[in-house]
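See structure below.
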Amino acid sequence: MKWMMTRVTLTLAMLSPAPVVAELYRYVDDNGVTVLDSRVPPQFISRGYEVLDSHGRVKQVVPAAPTAAERDARRAALEEQAQRQAADSTLLRLYSSLADLDRARQRQLQQIDNQITVAKTNIQELRAEREALQSQAASQERAGRAVEQSILDQLAAVDAETQRLQRLVQRQQQETVKVTEDFARQRERLAFLLGES
């Protein structure tokens, strides 16, 4: 009988649930005081906290929720990364080697140079035309006549076209600098992507 009672007691002991070990939470309150408690009040959860075991060791660290500025920075970083990946993909699709990129740069610079050359040639022709018109105007003035309005209109048109072409040359020269810089950046990135840096 004694043996039966011992066996029943052991069986009951084995079937009864193990004692629950309460976890402790460590967080910082509004006064900057570190608090140990059996729960974290809702208003402090977003600041982050630590879960401790029965021996006071940290089991888990729950980080603070990101601030609005941190979320914005993260979003901006992800967008920048996506843009970089898209740009890299385009670069690799356009150029299979650094030599391909160099040829494309040379073609584009040659096109710009051709436009500058044509504009400068047209400016020279306009200067010759202006000299001829000024000569006609001077002849009319020496003869004591007023310069014809058509000559004055032509001079104004020549001057306006000359100025337009000079602005075009200036823009194209600036474009040459920009294209050179853009291709230098693309070349550096392509070299990195191709493992040739």
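The values are calculated or read from the model by the stated rules, or taken from the named source; none is laboratory data. Computed from a predicted model, the values in this text were never measured in an experiment. Backbone-built Cβ (ideal geometry, glycine too); neighbour counts: all protein chains shown. The protein model used for the area step is the full one, side chains on, heavy atoms only, and it has no ligands, DNA or RNA in it. Shrake-Rupley method; radii C 1.70, N 1.55, O 1.52, S 1.80 Å.
Which angle between 0 and 90 degrees, to the nearest 10, do you get for helix 68-94 versus the longest principal axis of the chain when only C-alpha atoms count?
Tilt of helix 68-94: around 50 degrees.
Between S135 and T121, what is the spin-label point distance in nm, taking each point 7 Å from the Cα along the Cα→C-beta axis?
Taking the simple label geometry, S135 and T121 are separated by 2.3 nm.
Once the Cβ-Cβ distance between D72 and F192 is put in as r, and R0 is 41 Å, what FRET efficiency do you end up with, to the nearest 0.05?
0.90
Would you list the P(r) distribution for region 138-197, with all Cα-Cα distances sorted into 5 Å bins from 0 and each bin expressed as a whole %?
Computed distribution, short to long bins: 4, 15, 10, 11, 9, 8, 8, 6, 6, 5, 5, 4, 3, 3, 2, 0.
Output needed: percent of Cα pairs per 5 Å distance bin for the chain, bins running from 0 to the one holding the longest distance.
With a bin width of 5 Å, the distribution comes to 1, 6, 7, 7, 6, 5, 6, 5, 5, 5, 6, 5, 5, 5, 4, 3, 3, 3, 3, 2, 2, 1, 1, 1, 1, 1, 0, 0, 0, 0, 0.
How large a share of the accessible area of region 29-136, in percent, is made up of carbon and sulfur atoms when the probe is 1.4 Å and the other protein chains stay in place?
49
Over all directions, average the projected area of the Cα convex hull of region 15-111 and note it in nm².
Average projection, Cα convex hull of region 15-111: 14.1 nm².
Taking a ≥ b ≥ c as the square roots of the eigenvalues of the Cα gyration tensor of region 61-167, is the shape rounded (a/c under 1.5), prolate (a/b larger than b/c) or oblate?
Oblate, because a/c is 1.5 or more while a/b does not exceed b/c.
Compute the signed sum of charges (Lys and Arg +1, Asp and Glu -1) over the other residues within less than 13 Å, Cβ to Cβ, of D113.
+2
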